[in-house]
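We did not get these values from a lab; they are worked out from the coordinates using the rules stated. Every value quoted in this text rests on a predicted model; they were computed, and no experiment measured them. Note that we place each Cβ from the backbone using ideal geometry, even for glycine, and neighbour counts take in every protein chain shown.
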Amino acid sequence: MLKELNPIDIIIVALFLAFQLYFGSTARRKRGDRPTAIDYLIGGRRLTLPAFVMTLVSTWYGGVLGVGEYTYKYGISNWLVFGAPYYLWAIVFALFLARRARRTQFVSLPDHLAQAYGRGPAITAASIVFIMTVPSAYVLQLGVIMQFLWGWPLWWGVTLGAVLSVGYILIGGFRADVQTNKLQFVAMFAGFALFLPFAMTKLGGWSYLTGNLPAAYFTWHGGNSGWYILSWYFIAMETLIEPSFYQRCYAAESEQTARQGILWSIPLWILFDFLTTSAGLYARAASPSLPDAQMSYPALAFQILPPGVMGLFFIGMLATVMSTINSFTFLSAIAMARDIVCRLKPASDHAVITATRWGLGASMLVSIVLALCEKSVVALWRDIGSIGTPALLLPVLTTFLRKPLTSSGKVAMLWIALPGAVSAASVIWHAIGGSYPLGLEPIFPGLVVSGVIGAVLWTKWT
């Protein structure tokens, strides 16, 4: 589906991209020319509360086309799948983990495993973190948007969008990420805040939606099984091991900033979910037969938005996606470079920064390949979350205990690797045969295996 933007809209989008590149490329350390690893990776632990909120809110909401896809297919149950469970676990993180994470002198999530269980488990965990943070779902969204607008082949849009999103991270590291996240935060809220009034004015209010949508769209399940909905509440537990949460807590200027930053972010996510879910409902009501549900927002925008406003809406969508690509690519690069390569032998700050910059390229390459192999944003979320959560949830959380559950590094490595492998096997089985073993969502077998291992270790520990 090829659409053309008005020249005014093209100028608005081009200016946004130019400002983003400018802000990102000028975000450098103020003192001296050569940053330390702490400066490059977490900004010297000086992240203020407003910056914390803006970078976390924008980073953790990159799947805007996936939200549109799900709402278009299943209605308001989107809020119960991609909203409520994540708010719940974010509150738990803020209340019980944020201050304790900031209290450490860690730089990345695998550092917790390294201190508690040793280098081997830390490297194993870093491999999982790399898989979790490779931004394939978000790179796919950029490619789909560019394909929609200009008719480019998907691979070209995916590749170009990925490169444009992270070029400045090479220079400024975490500071560049935060600086661009501020701009992206403003753009994403402004774009969708403009979108909804135009939809209501051009199409109608609540009565328009109820009259043009199936009744199931206003139920809690949207036509899906209870087990499917429940699986997302378990997948959302990845919030407790979310690398972007930990990175921003490590970077916060104080423990209080870490906790309050997450708590302030939650109502902003709720507001943005209201805007995006409402937009998805209008898109389904106005165009019930779209060939690709991922394009529900852009399709509706071309129906109702005038020139100028259209450009602002598209930079809102681009900002939402690119903010997550920035941060996740950086996190996956750190996992590969600092937490795997540089953990194998001592490395200087310069070596860590250089390796991380190479890791950015590797992360982009992997994300492009995965994006082109799996064409559904929601499916990518489900598969990656179903592997990462069982692998890391219990091993990471137990590092906050007064002492490790086991003194054996090999046992800890097994505790991480085996649940992840079980869930990964279920995902592969589904990809080959079209169904999951025993009809179970892939996260559940992995969580059972992890729970059994954890229970055995707990009985010996107590």
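Assorted remarks:
- Dipole of the chain computed with +1 at Lys/Arg Cβ and -1 at Asp/Glu Cβ about the Cα centre; of LEU88, ALA176, PRO445, farthest Cα towards the positive end is ALA176.
- Tail beyond 26 Å, pair distance distribution of the stretch 17-144 (Cα, percent): 41
- What you get for the chain, charging only the Cβ of Lys and Arg (+1) and of Asp and Glu (-1), is a dipole of about 1400 debye around the Cα centre.
- If you sort the three axes of the alpha carbon gyration tensor as a ≥ b ≥ c, you get a/c of 1.5 or more for the stretch 73-137 and a/b no higher than b/c, which makes it oblate.
- Space enclosed by the convex hull of the alpha-carbon atoms of the stretch 111-234, per residue, Å³: 210
- Taking Cα atoms only, the orientation of helix 84-96 departs from the longest principal axis of the chain by about 40 degrees.
- Karplus (6.51, -1.76, 1.60) ³J(HN,Hα), θ = phi - 60°, over the stretch 284-293, in Hz, Gly and Pro reported as x: 5, 5, 7, 9, x, 10, 5, x, 9, 5
- Under 5 Å from the amide H of ALA252 lie the amide H atoms of LEU47, each residue being 5 or more positions distant or on a separate chain, with H modelled from the backbone and absent for Pro and chain starts.
- Across the cross-link table entries LYS182/LYS403; LYS73/LYS202; LYS345/LYS460, which are compared at the Cα atoms, the separations over 30 Å belong to LYS182/LYS403; LYS345/LYS460.
- Protection-proxy order for peptides 339-350, 49-60, 447-458, each taking the mean of Cβ atoms within 10 Å per residue, highest first: 49-60, 447-458, 339-350
- Each of PRO291, SER423, ALA114 was placed along the dipole of the chain (beta-carbon charges, centred on the mean Cα), and the one lying farthest toward the positive end is ALA114.
- Sparse-neighbourhood loop sites, chymotrypsin sites (Phe, Trp or Tyr not before Pro) in the stretch 137-220 - DSSP loop, at most 14 other Cβ within 10 angstrom: TRP220
- Nearest 10 degrees, 0 to 90: helix 443-461 Cα axis against the chain principal axis: 30
- When both the stretch 399-414 and the stretch 213-251 are represented by their alpha-carbon centers, they are found 29 Å apart.
- According to the Kirkwood relation over distinct C-alpha pairs, the hydrodynamic radius of the stretch 7-378 is 20.9 Å.
- Nearest 10 degrees, 0 to 90: helix 174-203 Cα axis against the chain principal axis: 30
- Reducing the stretch 137-156 and the stretch 326-364 to their Cα centroids gives an inter-centroid distance of 27 Å.
- For the stretch 284-299 versus the stretch 31-92, the spacing of their alpha-carbon centroids is 26 Å.
- Evaluated with a Cβ-only charge set (Lys, Arg +1; Asp, Glu -1), the stretch 1-144 carries a dipole of roughly 800 debye about its Cα centre, given to the nearest 20.
- Options ILE123, ILE315, TRP220, ranked by Cα towards positive dipole end of the chain, top entry (Cβ charges): ILE123
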